[in-house]
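In what follows, a structure is listed as structure tokens, so that the remarks can point back to it.
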Amino acid sequence: MPATVIVGLQWGDEGKGKTTDFLAEQVAMVVRYQGGDNAGHTVVLGDEVFKLRLVPSGVLYPHITSLIGNGVVVNPATLIGELDMLAERGIDTARVRVSRSAHVIMPYHIALDRAMENRLAGEKVGTTGRGIGPTYADRALRIGLRMEDLLDADGFRHKLERILPDKNDILVRRHGLEPFDAERLLDEAMAWGERLRPHLADTTWLVQDALRRGDHVLLEGAQGTLLDLDHGSYPFVTSSNPIAGGACTGGGIGPLQVDEVIGVMKAYSTRVGSGPYPTELTDEVGRGIAERGREYGTVTGRPRRVGWFDAVPLRYAVAVNSVSSIMLNKLDILSGIDEIRLCVAYEIDGRRVEAWPSSADLLARAVPIYERFPGWREEIHGIRSIGDLPEQARRYVAALEEHAGVPIILVSVGPERTQTIERAFRPMRWRPALAGPPGAGPAASAAGPAEAGAAGE
Ligand code: IMP
């Protein structure tokens, strides 16, 4: 039952793409379990850089089946563009499967997301403007359209006729925007369905079959714990659950099927969008980190806010995700800084607080209490063993590990896969398959021709 969840421990952009890439050799399947094209994964493969928003980075390896799970919201135009881009660059996309139950981001969701943000004026969430929130909201209201609806023109028309008048009403009356035309949306949606038909599947059974066979399955979260709808600083969060628990609801596995949770974090912090950020740096040191770390949004191109590492939410993230081990990324970016700070607690209204306050109001009043560490000047890109790191860097990594309370097993010292220190890294556990023949149960009958092929491969 070797299912491993990869989860961001900060505000997203921790380098989860590199972690997945690093583990890819050992896995048969990679599953995205939440979010949409608000995410951006950058994978460096030799001289090539791939920027992916929806398709899991496992697609770059011919032996991996890549799934977009039911918990993801899919902009079909983005997905088609990504599949075409990959095919043009010689990547085989035949093993990409998308859940029939995943919700579709419609053009009106995007228009509403942007219009609502504009209305918030000084209180913007700073969304990526991709229609993520309105799509998840419609899912909860049970007026969403799902990927399977793209294959049924009559059903789609019927549902759209029920939904669209309300959407247009809000767009026109409330926001002074143009209405959407039902026939044009229908044509567009049917064209998406035709193109994506071979990729649609009941992904839950694909995951369950893989686990039953004893295959390694990697479940990859987008964004990070501090942007979690329930556990981040609401309302400055995304509208899904990036935490490891989201892998169960959005990937189609049970809690006891998760074997390992690898938390991913950077040696400093970044945040895109609004919201309280106690350790934010607005000085030269912050600008230097942003520049060396190339901290610009993959999707929006916005400069990311940069700050010192904050151990207060780290302790929370380790607990709420049941993190078993950690990959620490971008340690090399801190080279050349005289003094590194690590936030270990907050002072809020005159009191020392060590537990992460999920209330955005409390967090906005938090003053960081720092531990200070002497920096190091050496470049560390070429180092492959923790013992060869400068003494100051080792002390900093040890402090992070102590706050996390779980081992840091991998330390990244550069963007390439080889620029990784494997510290106490052991190949992921392998346990024998569960009882029952592969493909048994409803999987075989529930699977259409497309996914039956993928499951059997
Ligand atoms: P939304 O997910 O577009 O609704 O945006 C909600 C919040 O999450 C905003 O602060 C975004 O900047 C942030 N966000 C969404 N996706 C990402 C990501 O992949 N990395 C970092 N921040 C993100």
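Exactly one residue among Arg119, Arg95 is among the charged types (D, E, K, R), open to solvent by 50 Å² or more (accessible area, probe 1.4 Å) and under 28 Å from His175 (Cβ atoms), and that residue is Arg119. Could you list all residues from segment 372-383 that are surrounded by fewer than 15 Cβ atoms within 10 Å (Cβ to Cβ) and out of contact with any Asp or Glu (no Cβ under 6 Å at 6 or more places or on another chain)? Within segment 372-383, Pro374, Arg377, Glu378, Glu379, Gly382 qualify. Screening Gly133 with (1) within 16 Å of the ligand (Cβ to nearest atom); (2) touching a residue at least 12 places away in the same chain (Cβ under 8 Å); (3) open to solvent by 50 Å² or more (accessible area, probe 1.4 Å) gives one miss only, at (3). Is it the case, given these coordinates, that His41 is over 20 Å from Cys248 (Cα atoms) and without any contact (Cβ under 8 Å) to a residue 40 or more places away in the chain? The answer is no for His41. Take the residues of segment 85-128 that are among the acidic types (Asp, Glu) and either assigned to a helix (DSSP H, G or I) or in contact with a Ser or Thr (Cβ under 7 Å, 6 or more places away or on another chain) (or both): which is nearest to Val55 (Cα to Cα)? Here the answer is Glu88.
Screening segment 303-317 for residues that are touching a strand residue (DSSP E or B) at 6+ places or on another chain (Cβ under 7 Å) and open to solvent by 20 Å² or more (accessible area, probe 1.4 Å) and picking the one that is nearest to the ligand (Cβ to nearest atom) gives Arg304.
Scan segment 264-288 for residues that are out of contact with any helix residue (DSSP H, G or I) (no Cβ under 6 Å at 6 or more places or on another chain) and more than 11 Å from the ligand (Cβ to nearest atom) and the total you get is 14. Of all residue pairs spaced 6 or more apart or on separate chains, none has beta-carbon atoms under 8 Å together with a first member in segment 334-355 that is modelled with pLDDT under 95 and a second member that is open to solvent by 10 Å² or more (accessible area, probe 1.4 Å) and among the charged types (D, E, K, R). Within this structure, Gly301 passes the test of being closer than 21 Å to Gly126 by Cβ and not aromatic (Phe, Trp, Tyr). Out of the residues in segment 367-398 meeting the condition of being part of a loop (DSSP other than H, G, I, E, B) and touching a Pro at 6+ places or on another chain (Cβ under 6 Å), tell me which one is nearest to Ala317 (Cα to Cα). Within segment 367-398, the match that is nearest to Ala317 (Cα to Cα) is Trp376. Against the definition (of a type outside the set (D, E, K, R) and open to solvent by less than 10 Å² (accessible area, probe 1.4 Å)), how does Ile333 come out, yes or no? Judged against the criteria, Ile333 is not a match. For Ser66, the conditions (1) among the polar types (S, T, N, Q); (2) within 13 Å of the ligand (Cβ to nearest atom); (3) modelled with pLDDT of 95 or more; (4) over 13 Å from Pro242 (Cα atoms) are fulfilled apart from (2). If you go through segment 338-356 and keep only what is touching a Lys or Arg at 6+ places or on another chain (Cβ under 9 Å) and either within 22 Å of Asp228 (Cβ to Cβ) or of a type outside the set (D, E, K, R) (or both), you end up with Ile340, Leu342, Ala345, Tyr346, Ile348, Glu354, Ala355, Trp356. For segment 51-63, a residue qualifies if it is modelled with pLDDT of 90 or more and assigned to a strand (DSSP E or B), and exactly one does: Leu52. Every listed requirement among (1) open to solvent by 70 Å² or more (accessible area, probe 1.4 Å); (2) touching a Lys or Arg at 6+ places or on another chain (Cβ under 6 Å); (3) hydrophobic (A, V, I, L, M, F, W, C) is met by Ala364 save one, (2).
Among the residues of segment 342-358, is any of a type in the set (Val, Ile, Thr) and open to solvent by 40 Å² or more (accessible area, probe 1.4 Å)? Among the residues of segment 342-358, not one is of a type in the set (Val, Ile, Thr) and open to solvent by 40 Å² or more (accessible area, probe 1.4 Å), which makes the answer no. Among the residues of segment 190-211, just one is in contact (Cβ under 8 Å) with a residue 12 or more places away in the chain and more than 29 Å from Cys248 (Cα to Cα), namely Met190.
Across segment 21-40, the number of residues qualifying as surrounded by 24 or more Cβ atoms within 10 Å (Cβ to Cβ) and within 16 Å of the ligand (Cβ to nearest atom) comes to 8.
Gly275 meets each of the listed conditions (1) within 19 Å of Gln34 (Cα to Cα); (2) at pLDDT below 95 apart from (1). Of the helices (runs of 4 or more DSSP H) lying entirely inside segment 264-366, the ones with 3 or more residues being in contact with a Leu (Cβ under 8 Å, 6 or more places away or on another chain) are found at 311-321.
The values are calculated or read from the model by the stated rules, or taken from the named source; none is laboratory data. Remember, predicted model here, so these are calculated numbers, not experimental data. All Cβ positions, glycine included, derive from the backbone under ideal geometry; neighbour counts span all protein chains shown. SASA here: full protein model, heavy atoms, side chains in, ligands and nucleic acids out. Shrake-Rupley method; radii C 1.70, N 1.55, O 1.52, S 1.80 Å.
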